[in-house]
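The values are calculated or read from the model by the stated rules, or taken from the named source; none is laboratory data. Not measured: the values here are computed from a predicted model. FYI the Cβ positions are ideal-geometry reconstructions off the backbone, even for glycines, and counts take in every protein chain you see. Heavy atoms of the whole protein, side chains included, go into the accessibility calculation; ligands, DNA and RNA do not. Shrake-Rupley method; radii C 1.70, N 1.55, O 1.52, S 1.80 Å.
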Amino acid sequence: MNVAELAEQEIARYGEHGRVLFEGRELTNTEMDREARKLGTALRELGVKRGDRVMIQAPNCPEVVQSFQAIWKIGAVVVPVNYLIAEDETAHIYSDSGAETLISNSMFLPKIDACRARAPAVKNVILIDTEAPRSDLYGWKLVENSPDKLDFVRTDDDELAALIYTAGTTGRPKGVMHSHYGLCSNAQMVADTITLPEGMVSILILPLCHMYGIGSMNASYVRGGGRAIILPSFDVEKLFAAIETHRGNLVAAVPTMYVYMLLYPEPKKYDLSSMRWWVSGSSALAVETWKNFRAKYGFEIIEGWGLTEAGATNCCNPLDGPVKVGSIGQPMRGTEMRVVDSDGNKIPPGQEGELIIRSTALMQGYWNRPEETAEILRDGWVYSGDVGYVDEDGYYFITDRKKDLIIKAGENIHPREIEEVLFAHPKVSEAAVVGIKDDIYGEDIKAFVVLKPGMQATEAEITEHCKARLKDFKSPKELQFMEALPKNLLGKVLRKELRGMR
């Protein structure tokens, strides 16, 4: 099955209806499909063949959604590129993926030119937003002038559909290979688990260069009948205005976005009463963030969790059932999860170990990296690298990343435990904790803290707050105030950068 069939099946089930609204421009589902077919024809005319990789490097907009569909319709492989990452990482993706074609935006031309110099195989560049300013570029008129008749490629289930590069929080990005069947399975799992009504209005703020956003997009086709209000980037004011104007029902976001919503000074400015579901994923949601959001806005955040290597949506609290604050919820339908010890043996509820996942939505492996694939994909299970436990009710809890554990005098210390204490300080907006080298203990603890706007605090004040709630052994040895924490596009803290700050 070709994953692009999900969108075509949605049209067959619901007929023509408003599908996408972007900056005052509305397109129906059939208009989106027609434009995707025209783009598919244009790509074929440029020589793109079945199995070829095609990169998309642009903020969210209708043309990006159309690009996914076009690439899949002709049997090619989507390679989403995070448009905010540095030139070195971008050039690596250009070269590593072997792509010859790029769909992008004129604002990125300086970076594109620099990266093409290092990856000369990229010969076709199509710009979404402009006419071609040079002879070596194509403007979107190439698509507008193309016919909308396109032969749909019926791909095999195990054919490669997407090459999604990891965010690179711990090293150079790796290409995660997802098949057509895997993406379709993931979309069906999400739709079956998170049962939502037809005709729902979603506000799309997740970047479509990340598996979390791609999975949400594909699940919306399975659910069907709804509208997506696309925002090109995250902005609290624009998000809240869109909810009020379009009577939004659902937002899928990441914890950092909720932190920024809590900092918004006018919680009653917009009517958010139409909202029913505020979903959080990608990284751990602090308990204090959950509590403060409910207190400020009256809504409960629904936390979930997943890995790019496993489809990014693997576990979630029930939308209309008992939510356990601090838990990532229960596995999606069709997903198995376990907590295992260092030898891969299943351990009982309440005991900490590594979370592993098995489902039909798992990656096929890392692109051209068989050794690293073998490390994470074993006997049909993906080893997440996350440490946590499952309770007697089958709810999973993550305590930290294995790589982030601080080993002080032989004792494992979870940075998240300390971060939760820091978040509880009334002046603290964000916090992150890392291990630092120590001559006596081997490692000790350093905290990085961002204060709320207009707040002032001393290092001693924050440290005393920690000592009152933690053993001295777990209190930060060092503390550094920051204006902002370094993050990737989805708001995950880049701890490798923090570890380098001395």
Along the three principal axes, how long is the chain when you take its alpha carbons, biggest first, rounded to the nearest angstrom?
69, 50, 45
Just order 276-287, 225-236, 399-410, 302-313 by mean Cβ neighbour count inside 10 Å, highest at the front, would you?
302-313, 276-287, 225-236, 399-410
Quote to one decimal, in nm, the extra length available between Q456 and I407 on full extension: 0.36 nm per residue of separation minus the C-alpha distance between them.
14.5 nm
Send over the semi-axes of the range 414-467's equivalent ellipsoid, whole angstrom and largest first, taken as the square roots of 5 times the C-alpha gyration tensor eigenvalues.
22, 11, 9
For the range 317-412, averaging the sequence separation of alpha carbon pairs under 8 Å that lie six or more residues apart and dividing by its residue count, the contact order in percent is 27 percent
What is the mean projected area of the alpha carbon convex hull for the range 392-502, to one decimal in square nanometres?
8.5 nm²
With each run of n ≥ 4 DSSP H residues scored as -39500 (n - 2.57), what mean residue ellipticity at 222 nm is computed for the chain after dividing by its residue count and rounding to the nearest 500 deg cm²/dmol?
-9000 deg cm²/dmol
Principal axes of the range 18-169: Cα extent on each, largest first, Å:
39, 38, 33
Report the paramagnetic label zone for R154: residues of the range 18-46 whose backbone N is under 17 Å from a point 7 Å from Cα along the Cα-to-Cβ axis.
none
Would you work out the charge dipole size for the range 100-226 about its Cα centre, treating the Cβ of every Lys and Arg as +1 and the Cβ of every Asp and Glu as -1, and quote it to the nearest 20 debye?
560 debye
Indicate the gyration tensor shape class of the range 380-438 (rounded, prolate or oblate), computed on the Cα atoms with a ≥ b ≥ c the square roots of the eigenvalues: a/c under 1.5 is rounded; otherwise a/b larger than b/c is prolate and the rest oblate.
oblate
Could you pull out every residue, at least 5 positions away or on a different chain, whose amide H is within less than 5 Å of the one on H17? Hs are placed 1.01 Å off N in the peptide plane, and Pro or chain starts have none.
N29, T30
Please compute the volume of the convex hull spanned by the alpha-carbon atoms of the range 301-402 and report it per residue in Å³.
100 Å³
If you roll a 1.4 angstrom probe over the protein chains with everything in place, what fraction of the accessible area of the range 242-312 belongs to carbon and sulfur, to the nearest %?
49 percent
List every residue whose amide H lies under 5 Å from the amide H of D386, counting only residues 5 or more places away in sequence or on a different chain, with H placed 1.01 Å from N in the peptide plane.
L355, K402
Placed amide H near E303: partners under 5 Å, 5+ positions off or other chain
S280, N317
From the cross-link list K268/K446; K346/K477; K346/K487; K291/K467; K238/K403; K346/K437, the entries with a Cα-Cα span beyond 26 Å are K268/K446; K346/K477; K346/K487; K238/K403; K346/K437
More than 19 Å apart - percent of Cα-Cα pairs taken over the range 1-88:
43 percent
Relative contact order (%) - criterion: Cα under 8 Å, at least six apart; region: the chain
11 percent
Using the Cα gyration tensor of the range 86-202, the equivalent ellipsoid's semi-axes, largest first and to the nearest Å, work out to 30, 22, 16
What is the count of Lys pairs in the range 14-135 whose alpha carbons sit under 19 Å apart, if the two are 8 or more places apart or on different chains?
5
